[in-house]
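The values are calculated or read from the model by the stated rules, or taken from the named source; none is laboratory data. All of these numbers come straight from a predicted model, not from anything done at the bench. Glycine gets a Cβ as well: all are built from the backbone with ideal geometry, and neighbour counts include every protein chain shown. Heavy atoms of the whole protein, side chains included, go into the accessibility calculation; ligands, DNA and RNA do not. Shrake-Rupley method; radii C 1.70, N 1.55, O 1.52, S 1.80 Å.
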Amino acid sequence: MSTNGEPARPDGPPDSVAFLLAQLGAHATKLFAERVGELELTPAQAGLLRSVAGRPGRSQREVAAELGMPPSRFVPFADELEQRGLIERRKNPADRRLHALHLTDAGQSLLAGLREVGMAHEAQICADLSPGERGQLIGLLRRVADHQGLTPGVHPGYRSVRPDHAR
């Protein structure tokens with residue numbers, strides 16, 4: 001018997017939540033990377049822009065900690081977005097040793113495009129679900145993610161982002 005009460009299918013694809021999550025995750029990741037690639041971003045860069053926009057003025061160390069990245073990896077990762085004029089580092093008025101991260105006007109503009117990409121991506125992935133089913137699925141997945149100790153809104157892949165692979 002499979003976990004959903006139906007007979008297991010030894011000759012067919014695995015019928016498990018973990019496999020389906022991995023399969024859909026890989027598919028959704030590929031599609032999202034293609035979509036943000038049109039904005040000349042990687043998914044990791046898109047997430048960093050969202051993080052900075054969500055709470056501007058935080059230090060590099062705070063943002064790196066939220067993303068689960070060592071500061072030594074975060075600095076060159078952020079450098080590229082700064083060089084592109086999407087984020088800026090400002091001296092923190094409370095502690096001049098720290099740099100506060102902010103989106104530039106160009107970063108804000110790109111973020112608007114990123115929101116559109118995100119909404120289109122969500123619509124494509126959930127096209128076969130009713131609004132109620134989508135809400136139910138989000139609730140169930142949130143429970144599973146919480147039980148696994150995952151930080152809401154933060155992809156665990158940031159822990160392995162290396163500066164030479166940020167692009």
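Taking all protein chains together, H121, H99, H155 sort by accessible area into H155, H99, H121, largest first [probe 1.4 Å].
Each Lys and Arg contributes +1 and each Asp and Glu -1, all at the Cβ; summed about the Cα centre of the range 10-128, the dipole is approximately 820 debye.
Taking all Cα pairs closer than 8 Å and separated by 6 or more residues, the relative contact order of the chain comes to 26 percent.
Relative to the longest principal axis of the C-alpha atoms of the chain, give the angle of the C-alpha long axis of helix 43-54, reported between 0 and 90° and rounded to the nearest 10°. The answer is roughly 60 degrees. Between 0 and 90 degrees, the angle of helix 105-125 with respect to the longest Cα principal axis of the chain falls at about 0 degrees. Helix 131-147 and the long axis of the chain differ in direction by around 70°, with both axes built from C-alpha atoms.
Counted residue by residue at 0.36 nm each, then reduced by the alpha carbon distance between them, the extension gain from E116 to A65 reaches 15.6 nm.
The gain in end-to-end length when the R97 to L150 segment is fully stretched comes to 16.0 nm, 0.36 nm per residue minus the alpha carbon separation.
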